[in-house]
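Asks: Mind having a look at this structure? Questions to follow.
Every number here is computed from the coordinates shown, using simple stated rules; none is lab data. Given the structure is predicted, the values throughout are model-derived calculations rather than measurements. Please note: Cβ atoms are built from the backbone with ideal geometry, for glycine as well, and neighbour counts cover all protein chains shown.
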Amino acid sequence: MPIKDLFTHNRAWAAQMERERPGFFSGLTQQQRPKYMWIGCSDSRVPANQITGLEPGEVFVHRNVANVVVHSDLNALSAIQFAVEMLKVEHIMVVGHYGCGGVQAALDGTRIGLADNWIRHIQDVRDRHRSLLDTVESHERANALVDLNVIEQVVNVCVSTVMCDAWAKGQKVTVHGWAYGIHDGLLQDLRMSVASTDAIEPLYRAAIEGVLAARKPA
Ligand code: CO
């Protein structure tokens, strides 16, 4: 699609929205009140709003290569803090996707360039779960690492100062781990939905066992 068509589509979309729901855009100028925060991969095949049927104003989005949440990443942490403390989102979902190039590169040890240092975080996940990954068949290994990466990043969100403080104050926020299939368009719940600091450990262990149960050869 030529780049000028993006403006043509934009004008048509804005006009259609306003025609179907007069006042839609002026309503959004007041304040965003999304209930959801999406932390996903930058991959162009995983658009948060379209997949979930959420409209402008309904989901606060942070995306990076392979949906990684690192404790020193001020970008991700600032987004999480804003979402939790200012917007008061009720749910944060960390969403990985099958067929993720970043996860595949981490699994294979492929050198890409600067991003190797980012992907190193996923290799840490790989190395931590080496024995589990060795028990699943090779064609399932990348999918298993997608799941494990999501579960580990959910933990990283949960142990952040932002979430520790929010839960200590009694704020109701649940952090979820999901995985999306670019091959079928479907979201899977990895059963890692954490609503308190105490729940992290047992849910983590159950979710890891769930990955093994789902992926190990029959
Ligand atoms: Co990806």
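Asks: From the C-alpha gyration tensor of the chain, pull out the three semi-axes of the equivalent ellipsoid (sqrt of 5λ each), sorted largest to smallest, in whole Å.
Replies: 31, 23, 16
Asks: I would also like to ask the following. Most mobile of Val150, Val65, Val175 per a Gaussian network model of the chain (Cα springs, under 10 Å)?
Replies: Result: Val65 has the largest fluctuation of those listed.
Asks: Same structure, new question: Of Pro34, Pro22, Pro202, which has the largest mean-square fluctuation in a 10 Å C-alpha GNM of the chain?
Replies: Pro22
Asks: Would you mind ranking Ser196, Ser131 by Cβ crowding within 10 Å, fewest neighbours first?
Replies: If I rank by nearby Cβ atoms, fewest first, I get Ser131, Ser196.
Asks: Provide Ile200, Ile122, Ile3 in ascending order of the number of other Cβ atoms located within 10 Å of each residue's Cβ, fewest first.
Replies: Ascending number of Cβ neighbours within 10 Å: Ile3, Ile200, Ile122.
Asks: Something else now. Sorting Val154, Val84 on the 10 Å Cβ count, fewest up front, what's the list?
Replies: Ascending number of Cβ neighbours within 10 Å: Val84, Val154.
Asks: While we're on this one: Any lysines with Cα under 19 Å of the Lys169 Cα? List them, leaving off those in the same chain fewer than 8 positions away.
Replies: Lys35, Lys88
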